[in-house]
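**Q** Handing you this structure, nothing more for now.
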Amino acid sequence: MSTVTTDPHAHAEHEHHGPAKGLKRWLYTTNHKDIGTLYLLFSLLMFFIGGAMAMVIRAELFQPGLQIVEPNFFNQMTTVHGLIMVFGAVMPAFTGLANWLIPMMIGAPDMALPRMNNWSFWILPFAFSILLASLFMEGGGPSFGWTFYAPLSTTYSNDSTALFVFSVHIMGISSIMGAINVIVTIMNLRAPGMTYMKMPLFVWTWFITAYLLIAVMPVLAGVVTMVLTDKYFGTSFFDAAGGGDPVLFQHIFWFFGHPEVYIMILPAFGIISSIVPTFSRKPLFGYASMVYATSSIALLSFLVWAHHMFTTGMPVAAELFFMYCTMLIAVPTGVKVFNWVATMWRGAMTFEVPMMFSLAFIVLFTIGGFSGLMLAITPADFQYHDTYFVVAHFHYVLVTGAIFSIMAAAYYWLPKWTGHMYDETLGQWHFWCSLISVNVLFFPMHFVGLAGMPRRIPDYALQFADFNALISIGGFAFGLSQLLFVWLVVKCIKGGEKATDQVWEGAEGLEWTIASPAPYHSFTTPPEIK
Amino acid sequence: MAIAEKTAVGVTVFDLQFAFVQRQRRSHVARTSYLCWSLLTFLLAFSTQSAEMPLNMTQGVTEISQQVYDLHMKIFYICCAIGIAVFGVMFWSIIHHRKSKGVEPAQFHESTKVELLWTAFPVVILIIMAIPATQTLIAMEDTSEADVSILITGSQWKWHYKYMDHKVEYFSLLATPRQQIDNKLSKGENYLLEVDRPLVIPTGKKVRFLVTSDDVIHSWWVPAFAVKKDANPGFINEAWTRVDHPGIYRGQCAELCGKDHGFMPVVVVAKEPADFEQWIAQESATQAAAKEAELKLLAMNMSKDELMALGEKTYMGYCAACHQPNGMGIPGVFPALKGSKMALEDLPAHIDIVLNGKTGTSMQAFDKQLTLSEIAAVVTYERNAWDNNTGDLVQAADIAKAQSK
């Protein structure tokens, strides 16, 4: 398989086969590697914009009393921080990884629909410019939480709602196009012999994620449209006075929202399942059960949405149904964690930065899973709901889960992308600073929540003061630690020790058979898979 | 040791920094050991000071809240046990199965037996968790045969309580002074958790709460009762509690409800049944008397000073959250009253919007929230404060006339 590298002379006569020069290369590109890079850089930018908003939130919460921002602006910060991080940082980062890696992993020359690929990226900057610009409107941007519950987002919101709805529509279109591209690519462009059950788990998890996206992004589009028509066109979907029901909003939103949670974690499972075997020098334990576990998590994700709304007043039977279904998710998720641990068992491990982030992922994501299980227990949820315990829970699964997996992936594949090894010492500094600060940031939130501090408040009772100061210190430290990552990436792009094609001793998969850096066009002739 | 003792009385970060700067002048070794000490005391400072903040869920004061706490602890311990087992195996691997120890990696990659086992075992654990959870949930949702029923209505940003079996109803507003929030006064013990008129309930009786909202979704939460119920506009939710011990119990709104979501606490006072009966009888009498006095007021005229004084008090309590104390509003969100056409010219429309609100906006109807004289006073205030200077005086009788239209 190592003979399938592209011969630089073979395409010399076709001038359009190399990248174009300057800005046009990025604007017009249909190359999966270029588009992958664009997605990843965009997501990094959004990570810092969303992060800056988190810093505003933590600065205000450093001490009791109102110091820095007004409550109305505080609410805009929590809202836009959530939207940016979910739709601007985590999702595009995974799409970027999919673009870079899926064709290389299945032996395809590119994504199946390259021109649509260009579109699905280039509409994103418009979506987020609209969203961010709305912050400068009279009265400010959206301030109803990233969950935009009606009627707070309809009757009681200002006109930035229209911009919010429009930008979410664009984000949704982008996601759907990206998902279609992933599915079509995987179904049609696998190299001969690459059967479904031979695909790397990253490809499998993205395949399932893409179906989730196609299933639920239209639901999101529907619900934002209903918000728009309720606010501007006199409909009453969510207004009891016109025969509607505000709780209907939450049912529709969370029917999108819960699968969305898995959209942000399933690709992470794929990444960890690639990295752990490499640095354990041992094949992944239970490949088939990993595929089945991912599929069952995806299916179950459609049956648990109302666990976000236990306090809205549901019939007991519905509460029991959603409690049981939610608890069931622990089973396939447990299988995954057990499989990773079994992969490490009796391996020969080394601890480069990608492995460190993966190990941290396994421990900290599992802690987020435990708090998720606690939240599933309806009677206890009545106490946890809408407190900092929930904030701690979803930041453990999204920051130390999704974001840590993205960091791990970046370190793991950077040598393949740039052709240079990253600076290992700097990477270890980044890892340890992030690990310590992220736990100072989010772990105390569990206690603050259990002690009764509601989420989304700009000011709090005095008993919460010490812990909030500590949390804020952790927040600032975590934010600053990420600058190390930027420095490292820039350094790695500019130069560094030359990476081999194999890069990692124990790595398996087609992407390690091609040159480092990966040539602009790879697998123009499909490799044969035994 | 000296540092440890200081911690006991509550050392602050600034003390530590100060001590640190002083100590920096000493030898290098002493500095390193001091660094370790200061880190330790820093952590200790948090654990000792937070004696005020419980680190765990409250056990509460009801049978249900105790059950919820037990359930929470049971699941927590199960999670801890699983965590210790899984992470134990993982860290054993990390320590022993590393390349630097010269181990050769094994090559096994599946075992149907083991995989079936670790699929089935969690199911059994989940069933063990689900049984008590189901029992508690069914008990929590049984709102039948209540002794007392109270209608709780949330609105931006206050609670309204109405006793269904008595002619008693009132609003409950945040009592923390604005200056404390703006850091101009030192904060009181119950900062942000205090109200002007708490809800009063009898002990030992099953109290049913009917929860609804006038505008957006709120959520009525008292941790000590393990009651958190969303207040949905247009719908009524039910919850109940039976409190065994008299006392004051504090909570907050738990659902984001707009700008002042963080400023609408819940305070409940539980009284012995006899004390409760006495309180409610007195309260009914007071409210009935107030209504009569209100009717008498119709025949009387208040002076401008009286109107402005009452108007300012009412405005600050009910209007200033949106329209701001200086009448400037928040552009694009809440309109300004200073210099507005309505406040300067159109008096009937002004009275109408205060009485009936404006549908499709955040402007509430204050007809039932305020007395006739308060409405008269607040309209007068809005027409004469902040250089509006219309000179208009509005009396309770004018409001009554507008009401009957």
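The values are calculated or read from the model by the stated rules, or taken from the named source; none is laboratory data. These numbers were taken from a predicted model, which means no experiment stands behind them. Note that each Cβ is placed from the backbone with ideal geometry, even for glycine, and that neighbours are counted across all protein chains shown. For the accessible areas, the whole protein counts, side chains as well, though only heavy atoms, and no ligand, DNA or RNA atoms are used. Shrake-Rupley method; radii C 1.70, N 1.55, O 1.52, S 1.80 Å.
**Q** Which residue pairs have Cβ atoms under 8 Å apart, sit 6 or more places apart or on different chains, and have a first residue in region A:129-145 that is closer than 19 Å to B:Pro335 by Cα and within 7 Å of chain B (Cβ to nearest Cβ) and a second that is acidic (Asp, Glu) and open to solvent by 10 Å² or more (accessible area, probe 1.4 Å)?
**A** From residues that are closer than 19 Å to B:Pro335 by Cα and within 7 Å of chain B (Cβ to nearest Cβ), the pairs are A:Met137/A:Asp159; A:Gly139/A:Asp159.
**Q** Answer with yes or no whether A:Thr235 is buried (at least 23 other Cβ atoms within 10 Å of the Cβ) and of a type in the set (S, T, N, Q).
**A** Here the answer is no, as A:Thr235 does not meet what is asked.
**Q** Something else now. Mind checking which residues of region B:240-254 are under 22 Å from B:Asp214 (Cβ atoms) and open to solvent by 10 Å² or more (accessible area, probe 1.4 Å)?
**A** At the first step, the residues of region B:240-254 found to be under 22 Å from B:Asp214 (Cβ atoms) are B:251-254.
Result: B:Gln252, single match.
**Q** Which numbered condition in (1) under 20 Å from B:Thr176 (Cα atoms); (2) modelled with pLDDT of 95 or more; (3) crowded, with 18+ Cβ neighbours inside 10 Å is the only one that B:Asp260 fails?
**A** Going through (1) under 20 Å from B:Thr176 (Cα atoms); (2) modelled with pLDDT of 95 or more; (3) crowded, with 18+ Cβ neighbours inside 10 Å one by one, B:Asp260 breaks only (2).
**Q** Here's a follow-up. For region A:86-102, check the following and say yes or no: at least one residue is surrounded by 19 or more Cβ atoms within 10 Å (Cβ to Cβ) and either farther than 30 Å from A:Glu511 by Cβ or over 23 Å from the mean Cα position of the chain (by Cα) (or both).
**A** No, that holds for no residue.
**Q** Condition first: in a helix (DSSP H, G or I) and facing another protein chain (nearest Cβ under 7 Å). Now tell me which residues in region B:107-128 satisfy that. Before the answer, list the steps.
**A** Going residue by residue through region B:107-128, those that are in a helix (DSSP H, G or I) are B:112-128.
Residues satisfying the conditions are B:Glu115, B:Trp118, B:Thr119, B:Pro122, B:Val123, B:Leu126.
**Q** Also, I was wondering about something else. What residue, among those in region B:220-264 that are small (Gly, Ala, Ser) and touching a residue at least 60 places away in the same chain (Cβ under 8 Å), is nearest to the other protein chains (Cβ to nearest Cβ)?
**A** B:Gly262
**Q** Conditions first: (1) of a type outside the set (Ser, Thr, Tyr); (2) away from chain B (no Cβ under 14 Å); (3) surrounded by fewer than 17 Cβ atoms within 10 Å (Cβ to Cβ). A:Leu510 passes all but one, so which condition is the exception?
**A** A:Leu510 satisfies all of (1) of a type outside the set (Ser, Thr, Tyr); (2) away from chain B (no Cβ under 14 Å); (3) surrounded by fewer than 17 Cβ atoms within 10 Å (Cβ to Cβ) except (3).
**Q** Just checking, does region A:454-462 include any residue being crowded, with 21+ Cβ neighbours inside 10 Å, within 14 Å of another protein chain (Cβ to nearest Cβ) and not in a loop (DSSP other than H, G, I, E, B)?
**A** Looking through region A:454-462, at least one residue is crowded, with 21+ Cβ neighbours inside 10 Å, within 14 Å of another protein chain (Cβ to nearest Cβ) and not in a loop (DSSP other than H, G, I, E, B).
**Q** What do you reckon, is A:Val69 open to solvent by less than 50 Å² (accessible area, probe 1.4 Å) and within 20 Å of A:Phe478 (Cα to Cα)?
**A** Details: open to solvent by less than 50 Å² (accessible area, probe 1.4 Å): yes; within 20 Å of A:Phe478 (Cα to Cα): no.
No; evaluated as a whole, the condition is false for this residue.
**Q** Could you list all residues from region A:478-506 that are within 14 Å of chain B (Cβ to nearest Cβ) and either in a helix (DSSP H, G or I) or in contact with a helix residue (DSSP H, G or I) (Cβ under 7 Å, 6 or more places away or on another chain) (or both)? Before the answer, list the steps.
**A** Let us first name the residues in region A:478-506 that are within 14 Å of chain B (Cβ to nearest Cβ), namely A:504-506.
Within region A:478-506, A:Trp504, A:Gly506 meet the criteria.
**Q** Can you confirm whether region B:72-79 contains a residue that is free of Cβ contacts under 8 Å to residues at least 12 places away in the same chain, assigned to a helix (DSSP H, G or I) and open to solvent by 40 Å² or more (accessible area, probe 1.4 Å)?
**A** Yes, that holds for at least one residue.
**Q** Also, quick follow-up: Can you pull out every residue in region B:324-348 that is on the phi < 0 side of the Ramachandran plot and open to solvent by less than 30 Å² (accessible area, probe 1.4 Å)?
**A** B:Phe334, B:Leu337, B:Ser340, B:Ala343
**Q** With (1) open to solvent by 20 Å² or more (accessible area, probe 1.4 Å); (2) free of Cβ contacts under 8 Å to residues at least 60 places away in the same chain; (3) within 22 Å of A:Phe128 (Cβ to Cβ); (4) more than 19 Å from the chain's Cα centre (by Cα) as the list, and A:Tyr196 as the residue in question, which single condition is left unmet?
**A** All conditions pass for A:Tyr196, except number (3).
**Q** Give the residue, chosen from A:Pro277, A:Pro283, that is outside any helix (DSSP H, G or I) and facing chain B (nearest Cβ under 10 Å). Spell out how you get there, then give the answer.
**A** Details: A:Pro277 fails: outside any helix (DSSP H, G or I).
Just one listed residue meets the conditions, A:Pro283.
**Q** A further question follows. Could you check region B:265-280 and list, in sequence order, the residues that are of a type in the set (Gly, Ala, Ser) and free of Cβ contacts under 8 Å to residues at least 60 places away in the same chain?
**A** B:Ala274
Residue-by-condition table, conditions (1) free of Cβ contacts under 8 Å to residues at least 24 places away in the same chain; (2) hydroxyl-bearing (Ser, Thr, Tyr); (3) within 12 Å of another protein chain (Cβ to nearest Cβ):
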| residue | (1), (2), (3) |
| --- | --- |
| A:Met356 | no, no, yes |
| A:Thr366 | no, yes, yes |
| A:Leu375 | no, no, yes |
| A:Pro379 | yes, no, yes |
| A:Val390 | no, no, yes |
| A:Gly401 | no, no, no |
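**Q** Next question. How many residues are assigned to a helix (DSSP H, G or I) and either touching a Lys or Arg at 6+ places or on another chain (Cβ under 7 Å) or surrounded by 20 or more Cβ atoms within 10 Å (Cβ to Cβ) (or both) when one looks only at region B:386-397?
**A** 1
**Q** Give just the number: which of (1) open to solvent by 10 Å² or more (accessible area, probe 1.4 Å); (2) away from every other protein chain (no Cβ under 14 Å); (3) of a type in the set (A, V, I, L, M, F, W, C); (4) more than 21 Å from A:Ile406 (Cβ to Cβ) does A:Phe447 not satisfy?
**A** A:Phe447 satisfies all of (1) open to solvent by 10 Å² or more (accessible area, probe 1.4 Å); (2) away from every other protein chain (no Cβ under 14 Å); (3) of a type in the set (A, V, I, L, M, F, W, C); (4) more than 21 Å from A:Ile406 (Cβ to Cβ) except (2).
**Q** Whether any residue in region A:231-240 is assigned to a helix (DSSP H, G or I), without any contact (Cβ under 8 Å) to a residue 40 or more places away in the chain and within 16 Å of B:Gly234 (Cα to Cα) is what I want to check.
**A** yes
**Q** Which residues, taken from region B:110-130, are within 19 Å of A:Val337 (Cα to Cα) and open to solvent by 90 Å² or more (accessible area, probe 1.4 Å)?
**A** Once the filter is applied, which keeps residues that are within 19 Å of A:Val337 (Cα to Cα) and open to solvent by 90 Å² or more (accessible area, probe 1.4 Å), region B:110-130 yields B:Glu110, B:Thr112, B:Lys113, B:Leu116, B:Leu117, B:Phe121.
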